[in-house]
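J.: Before we start, here is the structure in question, set down as structure tokens.
Taken together, the values in this text are just the output of simple stated rules run on the coordinates, not laboratory data. This is a predicted model, so every value here is computed, not measured. Every residue, glycine among them, receives a Cβ derived from its backbone with ideal geometry; neighbour counts consider all protein chains shown.
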Amino acid sequence: MDYMTDKQMEILLKLVADKFEACENMDDVKKAIQDVKEMAKKDMKQ
């Protein structure tokens, strides 16, 4: 199993934080959660 480096984790968390920071309402939050889940699925397939 591959583990992320601290730098990779930092970059990933910043991307997620930026996505949620841009949310203005709950619909935006739901969309951000869905986007993050989709990104996670893609990462698991590699």
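J.: How about the range 1-14: which of its residues are surrounded by fewer than 13 Cβ atoms within 10 Å (Cβ to Cβ) and either among the β-branched types (Val, Ile, Thr) or not in a loop (DSSP other than H, G, I, E, B) (or both)?
T.: Result: Thr5, Asp6, Lys7, Gln8, Met9, Glu10, Ile11, Leu13, Lys14.
J.: I'd like the residue in the range 15-31 that is surrounded by 11 or more Cβ atoms within 10 Å (Cβ to Cβ) and charged (D, E, K, R) and, out of all such residues, is nearest to the chain's Cα centre (by Cα).
T.: Lys19
J.: Could you list, in sequence order, all residues of the range 23-33 that are within 18 Å of Leu13 (Cβ to Cβ) and either touching a strand residue (DSSP E or B) at 6+ places or on another chain (Cβ under 6 Å) or assigned to a helix (DSSP H, G or I) (or both)?
T.: Val29, Ala32, Ile33 - these are the residues of the range 23-33 that are within 18 Å of Leu13 (Cβ to Cβ) and either touching a strand residue (DSSP E or B) at 6+ places or on another chain (Cβ under 6 Å) or assigned to a helix (DSSP H, G or I) (or both).
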